1. Only one of these is modelled with pLDDT of 90 or more and either farther than 19 Å from B:Leu186 by Cα or outside any loop (DSSP other than H, G, I, E, B) (or both): B:Ala123, B:Ala107, B:Ala103. Name it.
2. If A:Ser77 meets every condition in (1) at pLDDT 90 or above; (2) surrounded by fewer than 14 Cβ atoms within 10 Å (Cβ to Cβ) apart from one, which number is that one?
3. Within segment A:54-72, is even one residue within 14 Å of another protein chain (Cβ to nearest Cβ) and either on the phi > 0 side of the Ramachandran plot or among the hydroxyl-bearing types (Ser, Thr, Tyr) (or both)?
4. Among the listed residues B:Lys323, B:Lys379, identify the single one that is among the charged types (D, E, K, R), in the same structural domain as B:Ile259 (by TED's automatic domain parsing) and more than 25 Å from B:Gly263 (Cβ to Cβ).
5. Condition first: under 21 Å from A:Phe31 (Cβ atoms) and of a type outside the set (A, V, I, L, M). Can you find one or more residues in segment A:175-189 that meet it?
6. Considering only segment B:297-312, I want to know if a residue exists there that is crowded, with 16+ Cβ neighbours inside 10 Å, more than 14 Å from chain A (Cβ to nearest Cβ) and under 19 Å from the mean Cα position of the chain (by Cα).
7. If you scan segment A:25-53, which residues turn out to be within 14 Å of chain B (Cβ to nearest Cβ) and among the aromatic types (Phe, Trp, Tyr)?
8. For the structure I just gave you, tell me whether A:Ala107 is among the small types (Gly, Ala, Ser) and within 12 Å of another protein chain (Cβ to nearest Cβ).
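The values are calculated or read from the model by the stated rules, or taken from the named source; none is laboratory data. Model, not experiment: these values are computed from the prediction. As a convention, Cβ positions derive from the backbone with ideal geometry for all residues, glycine included, and neighbour counts pool all protein chains shown.
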Amino acid sequence: MKTVIEIKNLQKTYTETAVEVKAVNGVSLIFEEGEFTAIVGPSGCGKTTLLNLLGGLDAPTSGQVIIDGIDISTLSSRKIIDFRMKNIGFVFQAYNLIPVLTAKENAEFIMQLQNKSKVERETRIAELFKAIGIEGKEDIRPSRLSGGQQQRVAVARALASKPKFILADEPTANLDSVATSELLDIMRKLNEEENITFIFATHDQRVIDRARRVVYLEDGVVTKDELKE
Amino acid sequence: MITISSVTLAVVLAIFMRSFQEGSYGIMVETAVGKFSGYVQVHQKDYWNDKTIDNGMVVNEQLIKTIKNIDEINGVNLRLESFSLASNKMNTKGTMIMGVEPAKEDAMIGLKNKIVKGEYINANDQSIILGSGLAKYLDIDVGDTLVLLGQGHWGQSAINAYPVKGIVKIPSPVLDKQVIFMPLLLAQSYFSFENGVTSVVVIFEDPDYTEEVSAAINAVIDTTQYQAMTWQKMTPELIQQIEGDKAGGIIMIAILYMIIAFGVFGTVLMMTEERKREFAVMVSIGMQKKKLMLISFYETLMMNLVGIIAGILLTIPIVYYYKVNPITLTGEMAESMEQFGIEAVLPTVLDFNIFLNNTLIIIVITGIAAIYPLFSILKMNVIKSLRG
């Protein structure tokens, strides 16, 4: 298996408040290609912070985040944005689709940033919308889609640029059980058939049940790293 | 839409207010100057300091020819002005007698159209027309005879009775209550001043060239004997009034611009705060902040442009309407204007410069406001903004 992400002794300390908070405290992990991993733990355990550090949205206080041999914590903000565009897909809890764009425009937005041709964009979006079961919703704006449909568009957006891995922060938190189940089926299928790496930050048992690897986090420290299969 | 509307409103308010301000100065100058004294007059040298008929001049054909030879000048109107007592029945009032060339005077100040009763005078008439305010005071009507008593040239008695041919409504209420027009020849006869005039009113197209025309005349006439004067020199009190009003106007327009600036900035601020999450999403999925800033600036610029164009398109018909149908003032405001001899109306002026200047000011204001989103994006904490 090829290593996609390696984190070494990662620390993130917040000093904005009177009390110093160590959100991530010396975490070292390796994520390999094709993983379907859930980072779990109670609220405030550092799941989202760890995910933000993996995605380069936040900078660590110390330690390294190595992706494809590059320590992204040393990159300039400009280079890290560029790195994210090329390598990382994000799925957020609140979908975070751009309200003035249609479903298709939202999904292909990142491809436009990558200067992909129109034909390439159209083909990829058609392929993705079919794969995630929202064909026919291309020209609809987010406000007219259900929560489950919006999150599917968010998954399509995350996949559009063919990233090395997808980081999903509580992707099912706002979905009902049917929509959650359907979304997880799609993600698992993409993982199995296209070998796409998914890393979730979640406390949703339904996600944990489907994950092949579960990393338990408590007070910023990994307490258990379990491979289920 | 809110931003566009706010810019549109800003443009409409700024241009509308400036058009009214400039329109009010215009009406002051037009009523008191353009429609009465003319923008440039030539007098005997001492006349303006001591406006008696004795300081008038005998019409000098060479002088008239010299003035008319100047390129910008279309012609001259000769006037003989002095004062007399006018009496009818038991009413007597001090009046201003204006001996004029009726056809030319009509062409200049449109007297014929202002006749409210009777007829306009002709050059060889032996009759007069008078202001409606004066006619009312003297209780005189068309066909009645008005007795005039005054001092003629070199102390001669001026006394005669003339039939009233018409009553004219003069826009300036002060003048309307004191002016009597009579043909120049009749006035010269009444004041015993053969070929005498007190003013040569110079007619030219563009009031903006007043100074140039006056200077050109003074350059070719014998300035030891005559002098050309601009309306600014003849009526300094009007200039003072306009300057005083302008100072107040500048404060008003400054307050308006401040309100506009806060309004535009408020909407841009609101728009930016509302879209912070959207901006954060774009940056998180790989859009460079600089690119986002550029797009945001371009977007704000386009919205401002649409707002400005909409504002201009909206303002033109409104300004035009009030130019054609000025607001008629009433009450104390009207009285104070009338005391200065200014018609109590508030027209707008459809001036390209007002549109241009105010549009540029709004562009500067909106341009400054457009910087805020750029700062906001530059300083944006993506994680915090994603949380919303």
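1. From the options B:Ala123, B:Ala107, B:Ala103, the qualifying one is B:Ala103.
2. (1)
3. So far as segment A:54-72 goes, yes, one or more of its residues are within 14 Å of another protein chain (Cβ to nearest Cβ) and either on the phi > 0 side of the Ramachandran plot or among the hydroxyl-bearing types (Ser, Thr, Tyr) (or both).
4. B:Lys323
5. Yes, segment A:175-189 contains a residue that is under 21 Å from A:Phe31 (Cβ atoms) and of a type outside the set (A, V, I, L, M).
6. The answer is no; no qualifying residue exists.
7. Answer for segment A:25-53, where residues must be within 14 Å of chain B (Cβ to nearest Cβ) and among the aromatic types (Phe, Trp, Tyr): there is none.
8. Spelling it out, A:Ala107 is indeed among the small types (Gly, Ala, Ser) and within 12 Å of another protein chain (Cβ to nearest Cβ).
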